[in-house]
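Reviewing the structure listed below.
The values are calculated or read from the model by the stated rules, or taken from the named source; none is laboratory data. This is a predicted model, so every value here is computed, not measured. Cβ placement follows ideal geometry from the backbone for every residue including glycine, while neighbour counts extend to all protein chains displayed. When the accessible area is computed, the model is the full protein with side chains, heavy atoms only, and any ligands, DNA or RNA have been set aside. Shrake-Rupley method; radii C 1.70, N 1.55, O 1.52, S 1.80 Å.
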Amino acid sequence: LKKDWKQLQKFGVLAIKNKIDYFYLRERIGIAYYEQQKYQLATQHFEKASKFNSSDEWLNEYLFYSYAFDNRYDEALHLSKKFSNDVKKKTNSVKPAGINMLALDLTIKIPESQNIALPYYNFGIGLNHRVTRGYSIFHSYSFSRQKYNIAGPRNTLGIYDQHRYYISANIPLSKGFSLNPALSVLLDQYTDTLFSPLPPPPQRPAPPQVRKRNYFSFIGSLNVSKVFPYAKIDLTNSFSNLDTTHQIEHSLGVTLYPLANQNFSFGGAVILYTSDFYKTFHPLVQTGIRFNAPQFFAMSVVYTYANIYNFHLYNGYLVQNGYDLLKGNLTAMPEFIIKYRYNIFAEYQFEMKTTRETGLNYFAHGISIGTKLKF
């Protein structure tokens, strides 16, 4: 009644330590954490309370918002299946939109010296669908292009194009687990224009020859995640044949939430990259930090150490298989939220790369702009 949430939290936890446990105690501890915006801790106690009485609408409404504010909206919708019509109206979950998110983005990467490498362009569009209450599917299409120049006995001008389709599903399970299968299908096309050396006069030079090479690739990936009060663990395994090489990746990621909510987080992932069925091994490391002011602004900074040609991140969503070797990538992304449903984001990338043919090191600067519209 006094809304002294810290004291309520303190004595509630003390009661549980003394083996006192019942519905209203768990519900009140959950409310204490909820009012302090510690949604991950609140969720833990609301779920315990639900084991005592899963039909209490007041409790379910609190649990619904705890999931939603913790970016677990599929779980919130799954919970809403048993809501009364009044609670569905109150939580705006009467009829979830079939298409609930549209995303667009454009990326340009420019090397510091175009005598060494040429610019890279990428365009992408994505949609997220609600299949039923609690399950969703995301799919996207992207097109990228990079020109390259190879000097040698026969000078070559080339264009590397990539068409890519990506689809993934989010399947919430019980006790904070979720399953995320994903599949990418890629068509890579190399178009080379070959110029013969100039012959001695008075002979005329031979006309340039155009050579096209097409490669069909895929990435199959499966992510299993588990949410804890102060952390999230992601285990991802994938198989791909990028650039005609069979690759297996095993990834273990840990994200920490010191405030028990989405306002601040940091973490990293260790990825074991193998090629041709474990003939070679290569470790990749990724670290990042994120700040979030809900309904207003978010900022994330991520560093990736790779030193390898073809690999992928984020359950196969981000593919790094450009023409040159990527040694490392530093990404900073500010995101502005306008009236909750409309996001505008920009991204700066600083890449350390090595040319495929000549082994020259160079830096590239990338700029991405994009938007997300939620329904």
So is Ala269 among the hydrophobic types (A, V, I, L, M, F, W, C), crowded, with 19+ Cβ neighbours inside 10 Å and in contact (Cβ under 8 Å) with a residue 24 or more places away in the chain or not? yes
Going residue by residue through the range 314-327, is there one that turns out to be in a strand (DSSP E or B), open to solvent by less than 30 Å² (accessible area, probe 1.4 Å) and of a type in the set (Asp, Glu)? no
Some residue of the range 202-221 being more than 30 Å from His45 (Cα to Cα), of a type outside the set (Asp, Glu) and in contact with a Pro (Cβ under 7 Å, 6 or more places away or on another chain): yes
Tell me which of these Pro258 doesn't satisfy, since it passes every other one: (1) outside any strand (DSSP E or B); (2) under 19 Å from the mean Cα position of the chain (by Cα); (3) at pLDDT 95 or above. (2)
Candidates Gln162, Gln146, Gln189, filtered to the one that is in contact with a Pro (Cβ under 8 Å, 6 or more places away or on another chain) and part of a strand (DSSP E or B): Gln146
So the check is Cβ under 7 Å with 6+ separation or different chains; which pairs have a first residue in the range 159-172 that's in contact (Cβ under 8 Å) with a residue 40 or more places away in the chain and under 29 Å from Lys226 (Cβ atoms) and a second one that's among the charged types (D, E, K, R) and open to solvent by less than 20 Å² (accessible area, probe 1.4 Å)? Asn170/Asp74; Pro172/Asp74
Is one or more of the residues making up the range 197-216 out of contact with any Lys or Arg (no Cβ under 7 Å at 6 or more places or on another chain), over 22 Å from Lys279 (Cα atoms), at pLDDT 95 or above and not hydroxyl-bearing (Ser, Thr, Tyr)? no
All positions within the range 123-136 that are surrounded by fewer than 18 Cβ atoms within 10 Å (Cβ to Cβ) and either among the polar types (S, T, N, Q) or closer than 23 Å to Gln320 by Cα (or both): Phe123, Ile125, Leu127, Thr132
Which numbered condition Tyr340 misses (of (1) part of a loop (DSSP other than H, G, I, E, B); (2) at negative phi; (3) surrounded by fewer than 16 Cβ atoms within 10 Å (Cβ to Cβ)): (2)
For the range 91-110, name all the residues that are of a type in the set (A, V, I, L, M) and open to solvent by less than 60 Å² (accessible area, probe 1.4 Å). Ala97, Met101, Leu102, Ala103
Is one or more of the residues making up the range 25-38 open to solvent by 20 Å² or more (accessible area, probe 1.4 Å), closer than 23 Å to Arg130 by Cβ and either in contact with a helix residue (DSSP H, G or I) (Cβ under 8 Å, 6 or more places away or on another chain) or of a type in the set (Asp, Glu) (or both)? no
Hey, among Asn223, Asn214, Asn237, which residue is assigned to a strand (DSSP E or B), in contact (Cβ under 8 Å) with a residue 60 or more places away in the chain and of a type outside the set (Val, Ile, Thr)? Asn223
Can you find even one residue in the range 293-309 that is of a type in the set (S, T, N, Q), buried (at least 18 other Cβ atoms within 10 Å of the Cβ) and modelled with pLDDT under 95? no
Can you go through Pro197, Pro229, Pro181 and tell me which one is part of a loop (DSSP other than H, G, I, E, B), farther than 22 Å from Tyr121 by Cα and open to solvent by 40 Å² or more (accessible area, probe 1.4 Å)? Pro197
